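Peer 1: Right, I'll just put the structure down here and ask away after.
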Amino acid sequence: MGLFKSKPKISVEDCSRQFYDSSIFQAVIAGSDVWSGYLDTVFEAVVDADQSFSKIDPNVFWTEMTALRMELFALAWSHRFKKPQSTISQSLYTREYLKDVRKLKLWQIMGEYNRALAQSTVMEANGQPKDEWSVAKINKLRTDMFEEWADASIGDPSRMTNEHKEQAECVARVANRVGADMRRENCIAVVRLGARLADRLRCDINLDTEALLRLGSVIFGFYMGAEEYLKSVDVQAPKELSRSLAQDELSRLLANGRPHPRIKQYLGSGRVGNSYTSIFHHPDCYRARQIKINKAIWFESSDEATAGGYKPCGVCKPQVPYTVLNIGRQAYLTDGSSKIADSHLKSDL
Ligand SMILES: [Zn+2]
């Protein structure tokens with residue numbers, strides 16, 4: 001075990017699958033199911049503290065605890081890999097994985113614990129609601145994340161497909177985890193998760209009982225275990241939102257072989273026309289981002305757009321050559337020579 005041993009670089013999907021396989025769904029060592037065995041031990045420990053717990057069906061307990069552990073894996077993921085590309089891909093993959101192993105029911109139950117986490121983010125450690133400013137801040141982060149995704153992946157809301165709706169659910173869950181905290185001194189998340197678990201198991205455990213404390217430490221352990229596992233791997237961040245699972249979706253966003261201007265990462269040359277209005281734009285123009293996906297037509301240059309019968313936009317003046325100085329910053333040249341501007345553009349990039 002060398003200190004300087006480099007971690008293997010793996011994809012979001014491989015990393016998640018390895019965890020789900022080796023810790024839950026194929027956790028078999030010497031012929032015995034380690035995950036179920038562990039849950040049996042937990043079950044006994046809780047029954048030991050509260051006899052009424054023995055009424056609970058061990059299969060139901062398995063299902064709830066598995067969903068809870070997967071939700072906490074996702075939370076640990078969002079704490080370690082903060083970028084939305086990574087967290088959203090992880091969420092999309094988890095749904096896909098559960099579909100593959102025919103356990104989509106677990107996905108639904110994960111949603112229950114996800115909502116419990118979301119509730120914990122607007123409460124203080126003592127269970128009182130947080131001040132309005134803190135709540136507004138968390139809600140703003142959530143909305144921004146959701147809108148950024150919707151902007152890049154859907155574009156036109158009237159073209160929202162079932163696939164989009166499934167994706168939207170995955171993104172919403174990622175957004176719900178924003179602000180969820182598992183630090184020991186602020187264990188409101190553990191309390192909320194434990195309460196939701198007790199509620200779903202329909203057991204009459206009071207929040208103060210030893211049984212619930214035992215369950216709470218197991219819940220905390222799920223998070224810690226996931227955190228440890230994620231520290232041991234180096235996950236390759238996906239380049240684009242939902243690239244791995246929504247290849248179809250991405251190709252739908254391509255117009256004339258170019259990404260639609262709504263894909264914000266795109267910073268390219270060329271001009272984009274709106275076939276509905278016959279007006280063309282610089283791709284960074286806000287009006288270009290309003291073009292419906294199926295109406296975006298790409299041109300190599302403004303000359304090509306003009307030759308195609310398109311008129312220049314009055315806002316971004318795409319007939320005026322430009323050069324890209326920095327990412328996100330552009331300067332318009334005024335010498336009117338597109339040849340010079342194009343050579344500037346190439347050297348600047
Ligand atoms: Zn424009």
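Values in this text are rule-based calculations from the coordinates and carry no lab data. Nothing here was measured: the structure is a model prediction, and the numbers come from that model. When we count neighbours, we look across all protein chains shown, and the Cβ atoms used for this are built from the backbone with ideal geometry, even at glycine.
Peer 1: List, in order, the whole-Hz ³J(HN,Hα) value for each residue of the range 49-54 obtained from phi through the Karplus relation with A = 6.51, B = -1.76, C = 1.60 and θ = phi - 60°; use x for Gly and Pro.
Peer 2: 7, 8, 4, 4, 5, 5
Peer 1: Q108 versus S36, label points 7 Å from Cα toward the beta carbon: distance in nm?
Peer 2: In this crude spin-label approximation the distance works out to 2.3 nm.
Peer 1: About its Cα centre, what dipole magnitude does the range 56-104 give when the only charges are +1 on Lys and Arg Cβ and -1 on Asp and Glu Cβ, stated in debye to the nearest 20?
Peer 2: Approximately 280 debye in magnitude.
Peer 1: At 0.36 nm per residue, minus the direct Cα-Cα distance, what do T161 and E300 gain on full extension? Give it in nm, one decimal, please.
Peer 2: 46.9 nm
Peer 1: Now, a different point. Between Q26 and V315, what is the FRET efficiency for a Förster distance of 51 Å, r being their Cβ-Cβ separation, to the nearest 0.05?
Peer 2: The value I calculate is 0.35.
Peer 1: Could you list which residues have their amide H under 5 Å from that of I279, counting only those 5 or more apart in sequence or on another chain, with H placed in the peptide plane?
Peer 2: Distant-sequence amide H within range of I279: N274, K311.
Peer 1: What list of ³J(HN,Hα) couplings, whole Hz, do you get for the range 125-132 from phi and the Karplus terms 6.51, -1.76, 1.60, once you set θ to phi - 60° and write x for glycine and proline?
Peer 2: Going residue by residue, I get 4, 7, x, 6, x, 5, 5, 4 Hz, with x marking Gly and Pro.
Peer 1: Using modelled amide H (1.01 Å from N, peptide plane; none on Pro or chain starts), what sits under 5 Å from the amide H of F81, excluding residues fewer than 5 places away?
Peer 2: For F81, no residues qualify.
Peer 1: Assuming a ≥ b ≥ c are the square roots of the Cα gyration tensor eigenvalues, decide whether the range 9-236 counts as rounded (a/c under 1.5), prolate (otherwise, with a/b larger than b/c) or oblate.
Peer 2: Oblate, because a/c is 1.5 or more while a/b does not exceed b/c.
Peer 1: Using only alpha carbon pairs under 8 Å that are at least six residues apart, calculate the relative contact order of the range 10-72 and give it in whole percent.
Peer 2: 23 percent
Peer 1: Long-range amide H contacts for M123: which residues qualify at under 5 Å (H placed 1.01 Å from N, peptide plane, sequence gap of 5 or more or a different chain)?
Peer 2: Result for M123 returns K130.
Peer 1: Spin-label point model (7 Å from Cα, Cβ direction): what's the K99 to K137 distance in nm?
Peer 2: Those two pseudo-labels are separated by 3.7 nm.
Peer 1: Another one. What percentage of all Cα-Cα pairs in the range 111-180 are separated by more than 19 Å?
Peer 2: 40 percent
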